[in-house]
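Undergrad: Quick one: this structure, given as structure tokens, is what I'll be asking you about.
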Amino acid sequence: METLKSVLSSFCTGVAVITARERDGRPVGMAVQSFSSVSLDPPLVCFCPARTSTTWPKIRAAGAFAVNILAADQRELCRTFAVTGGDKFAGVPWRAGGNGAPLLDGVLASVECDLEDVLDGGDHAIALGRVTALTAHRAGEPPLLYFRRAYGRLPRSARPAASASMSSSMAAARSRSEA
Ligand SMILES: Cc1cc2nc3c(=O)[nH]c(=O)nc-3n(C[C@H](O)[C@H](O)[C@H](O)COP(=O)(O)O)c2cc1C
């Protein structure tokens, strides 16, 4: 188990906060690194909540959620949403998206989804979301990274230009690091 966790921590990811609203309007959320795009047509994304998560059943019951993609300057926000219990939204500015799920201020991008399906993923579930709305808020700003169980950020030299398309800028960053 430790070897599995240690080796898989070599895969660097971004971090997102998945949010939803309970029936009484109360906001809920949890930090995940397991967010991924799945399909373009139809537009599907996924994340993997642990079966022990107390927030996941609330997101599942809501049937709709938002993916808040964190910026490099949002470590503290990530820590806030990586704990169980308490009022995670105390002092956190947000507004309701079109599907009612909280869109957190200051994130790089938000992706609103309907919960499309829930698949078995061992001690996690695989939650499949169908994208219903999405917005990039801070084009060109660096993302929060998670690598070997620590937070990080892209070095300035590896950051894509705000105006460049994502695919061409990723290729440029790769060739710089290989040079
Ligand atoms: C960087 C980071 C990534 C995380 N990724 C996941 C994840 O993909 N799935 C998950 O279930 N928990 C993940 N967690 C842990 C959850 O955020 C945490 O267990 C959860 O918020 C606990 O609260 P809950 O009981 O309200 O669900 C992650 C935590 C951190 C700090």
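Undergrad: So what are the ³J(HN,Hα) numbers for the range 85-97, from phi and the Karplus equation (6.51, -1.76, 1.60; θ = phi - 60°), rounded to whole Hz, Gly and Pro as x?
TA: x, x, 9, 5, 8, 4, x, 9, x, 7, 9, 6, x
Undergrad: Show that you can apply the helix-only estimate: for the chain, add -39,500 (n - 2.57) for every DSSP H stretch of four or more residues, divide by all residues, and state [θ] at 222 nm to the nearest 500.
TA: Numbers: 4 runs with 33 residues, N = 179.
Mean residue ellipticity, 222 nm, calculated: -5000 deg cm²/dmol.
Undergrad: Sequence-distant or interchain residues sharing an amide H contact under 5 Å with residue 38, placed H: which?
TA: Correct list: 44, 45, 46.
Undergrad: Given a cut-off of under 8 Å on Cα pairs at least six residues apart, what relative contact order in percent is computed for the range 2-178?
TA: Rounded, it is 24 percent for the range 2-178.
Undergrad: For the residues 94, 56, what sequence is obtained by ranking on other C-beta atoms within 10 Å, fewest first?
TA: The fewest-first ordering by Cβ neighbours comes to 94, 56.
Undergrad: On to the next question. With springs connecting C-alpha atoms under 10 Å apart, model the chain as a Gaussian network and identify which of 36, 157, 53 has the largest mean-square fluctuation.
TA: Result: 157 has the largest fluctuation of those listed.
Undergrad: Here is a follow-up. Arranged by the count of other C-beta atoms within 10 angstrom, fewest first, what order do 88, 5 take?
TA: So the residues, fewest neighbours to most, are 5, 88.
Undergrad: Could you order the peptides 57-70, 16-29 from most to least packed, using the average number of other C-beta atoms within 10 Å per residue?
TA: Ranked by mean Cβ neighbours within 10 Å, highest first: 57-70, 16-29.
Undergrad: Another question about this same structure. With 10 angstrom as the radius, rank 32, 38, 83 by how many other C-beta atoms surround their C-beta, starting from the fewest.
TA: Working: 32 26, 38 15, 83 10.
So the ranking, lowest neighbour count to highest, is 83, 38, 32.
Undergrad: Using the Karplus equation 6.51 cos²θ - 1.76 cosθ + 1.60 (θ = phi - 60°), what ³J(HN,Hα) coupling, rounded to whole Hz, does each residue of the range 116-125 give in order, writing x for Gly and Pro?
TA: 8, 6, 10, 10, 6, x, x, 7, 10, 9
Undergrad: Give me the tail of P(r) for the chain as a percent: Cα-Cα pairs with distance above 25 Å.
TA: Counting every Cα pair in the chain, those more than 25 Å apart make up 34 percent.
Undergrad: Mind listing the long-range amide H neighbours of residue 132? Cut-off is under 5 Å, sequence gap 5 or more, other chains count too, H placed in the peptide plane at 1.01 Å from N.
TA: 112, 113, 114
Values quoted throughout were computed directly from the atomic coordinates according to the rules given, and no laboratory measurement underlies them. Predicted, not measured: the structure shown is a model, and the values here were computed from it. Reconstructed Cβ throughout: ideal geometry from the backbone, glycine too, with neighbour counts over all protein chains shown.
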